[in-house]
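For reference, the structure is listed below as structure tokens.
Derivation of every value follows stated rules applied to the coordinates shown; laboratory data play no part. Everything numeric here is computed off the predicted structure, so don't read it as measured data. Glycine gets a Cβ as well: all are built from the backbone with ideal geometry, and neighbour counts include every protein chain shown.
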Amino acid sequence: MPPQGVITPDLSRTLARLSFETNRQLGLLINRRGEIERVIVGDHRSILIPELTPTRGHSSRLRGLRCVHTHLKGEPLTEDDLMDLVFLRLDLMVVLEVDEHGGARRLLGAHLLPENVNGKGWLLLDPLSAHEPKLDFLQLVQSLESEFARKQALVEVKGNQDRAILVSVTSGPRAEAEASMEELTELARSSGIAVAERIIQRQQRVHPKYLMGRGKLSELVLRALQSGVDLLIFDQDLNPSQMRSITDFTELRIIDRTQLILDIFAQRAKSREGKIQVEMAQLKYMLPRLVVKDDALSRLTGGIGSRGPGETKLEINRRRVRDRIARLEKQLLQIRKQRGQRRGLRLRTGLPVISIVGYTNAGKSTLLNTLTHSRVQVEDRLFATLDPASRRLRFPRDQEAIITDTVGFIRDLPSDLMEAFGATLEELRHAGLLLHVIDVSNPMFEEQMLAVEEILAKLDLHLIPMLRVFNKVDLVQDRKYVENLRKRNQAITISALNGDNLHSLVKAMEERLGIKD
Ligand SMILES: Nc1nc2c(ncn2[C@@H]2O[C@H](COP(=O)(O)OP(=O)(O)OP(=O)(O)O)[C@@H](O)[C@H]2O)c(=O)[nH]1
Ligand SMILES: [Mg+2]
């Protein structure tokens, strides 16, 4: 391709003259082939770039359009010009100065930077003469794009793993936001997402529409571009209109913590019932977030990557979602009717039932395995277990019991999911004893413990006798501290991994179940 200037001198002259005679700013959007895609007419002080067709799937690239527009009063690039540069991911934003006789004077340009310099994500170019603009535009964009690509490649990803920026916007204390961000990172990891960056934005008041101001939002869009990310995950739950506004404004895929949790469940559910429950929870969460506008719609229904509830994207609509929910409800009812005819574990076996409950990743499955010498899947990720497993447990004096593992709990469990799993947790109702496993090596373990007990109360399970089991003590250095905690919480300290102190646990279980010699 021949070298291409930002705009030809002839076109500059024509644009300047027209702009002068109409006393309005005029703008052109020019693509990389040098074709004019749009002409924009403003007033004497500003122009408004109309909404552009979204570049689906390419939000982590420059748009391939440059904007050249006139300024009539010799003003330099304005704040709004720079915002447009960022939000629209333009190749270049250029101001053409019109002189007092309607002639074309200079071109003032700015482009985005792959890395902030002095806290700024853009660079102002040296002014060019409109009559002889010595700048090979295509070469500039090409080198810019390869710089962006080089920088984006620094984010570590495996295969075609999704990458995301995690965002927390809060008016609460920093420590709380950080701990919550830590958990969000674990959730992202469990969902198979590479975390490019974590941003905590603390402000006195959370903006009702965009959570944060336009300036902050533009920084976020720029960071996304710089790290090649087109997915933002918010630690705060977004209401339907916030989700819509932020999606429209940033052209990025937006999900919140609840959706992330739902996504993990969707990936991990194995049983037919589990899959139906998760799909229902996803659809119910999505329903009020469906909007009429097709594009935002497709982004919302897409879930993370393409792991949504599995409908083709564009034609999905509310009615179909409702139909689907109704159909799933029927299926679920049927499954449960069948299961209802099977009797509860205790009745089936005549043995006492012990259920292991606790925060996700606390070590529930590990404990089940250690106690029963079995091999239920154990993983260092959140929500490793979705479908409950049960095993026989033989006590020293030949007494037997059934011990069951359950899905892990989490703080602010999405209510649709809670409802969905209510039935699965139904089995818990027949338990004679709950073992509440708590990971004491986690700095947030007290909050986690309370969150779990709150959920148990909501499920009306708080009247079942419960033993608190402080797990992972092998990871805690300060034994004295643990000993104090144990006493204060009337708990038993163990290591499910290496079997430390299991005999005390077994003894306590026997006592609680009334198994004695
Ligand atoms: N150091 C140490 N690690 C443990 C202990 N118990 C469990 N773990 C580890 O903690 C991680 C989670 O264990 P799981 O047994 O899968 O936890 P879970 O509670 O079943 O988790 P979900 O099913 O995801 O809710 C694994 O990496 C285990 O190896 C322990 O006593 N000490
Ligand atoms: Mg488990």
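Note: segment 448-517, Cα convex hull, 108 Å³ per residue.
Annotation for segment 71-163: trypsin sites (Lys or Arg not before Pro) lying in DSSP loop with at most 10 further Cβ atoms inside 10 Å of their Cβ are 73, 134, 158. For the chain, the normalised intensity computed at q = 0.05, 0.08 Å⁻¹ comes to -0.29, -0.64 (log10 of I(q)/I(0), Debye sum over alpha carbons, equal scatterers, no solvent).
For the chain, the longest principal axis of the Cα atoms and the long axis of helix 240-250 meet at an angle of about 40 degrees. Residues whose amide H lies under 5 Å from that of residue 169, counting only those 5 or more places away or on a different chain, are 201, 235, 236; hydrogens are built 1.01 Å from N in the peptide plane.
Only helical runs count toward this figure. For the chain, summing -39,500 (n - 2.57) over DSSP H runs of n ≥ 4 and dividing by all residues gives -12000 deg cm²/dmol at 222 nm.
Given Cα positions, please report Rg to Rh for segment 174-234, the hydrodynamic radius being the Kirkwood one.
Radius of gyration relative to Kirkwood radius: 0.97.
3J(HN,Hα) along segment 41-47: 10, x, 9, 6, 10, 7, 10 Hz, from the Karplus curve 6.51 cos²θ - 1.76 cosθ + 1.60 with θ = phi - 60°, whole Hz, x for Gly and Pro. Each listed q (0.18, 0.19, 0.22 Å⁻¹) maps to a log10 I(q)/I(0) for segment 89-205 from the Debye sum over equal C-alpha point scatterers, namely -1.01, -1.06, -1.21. Counting neighbouring beta carbons within 10 Å and listing from fewest to most, the residues 460, 81 come out as 460, 81. The distance linking segment 5-44 with segment 90-122 is 14 Å (Cα centroid to Cα centroid, whole angstrom). Entry note, the chain: relative contact order of 9 percent, from Cα contacts under 8 Å with a spacing of 6+ residues.
The HN-Hα couplings worked out from phi for segment 431-442 by the Karplus form 6.51 cos²θ - 1.76 cosθ + 1.60 (θ = phi - 60°) are 6, x, 7, 9, 9, 8, 8, 10, 8, 6, 7, 7 Hz, whole numbers, x standing for Gly and Pro. In order along segment 29-37, phi translates into HN-Hα couplings of 9, 10, 8, 6, 7, x, 8, 7, 8 Hz, rounded to whole numbers, per the Karplus curve 6.51 cos²θ - 1.76 cosθ + 1.60 with θ = phi - 60° and x for Gly and Pro. Separation of segment 430-485 and segment 224-270, taken as the distance between their Cα centroids, equals 31 angstrom.
Can you compute the equivalent ellipsoid semi-axes for segment 31-173, i.e. the square root of 5 times each eigenvalue of the Cα gyration tensor, sorted largest first and rounded to whole Å?
Values for segment 31-173, descending: 31, 19, 15 Å.
Less than 5 angstrom separates the built amide H of residue 500 from those of 495, all sequence-distant by 5 or more or on a different chain. A cut-off of 5 Å between modelled amide H atoms, ignoring neighbours fewer than 5 places along the same chain, links residue 194 with 162, 163, 164.
Packing order of peptides 252-263, 90-101, highest average first: 252-263, 90-101 (average count of other Cβ atoms within 10 Å over each peptide's residues).
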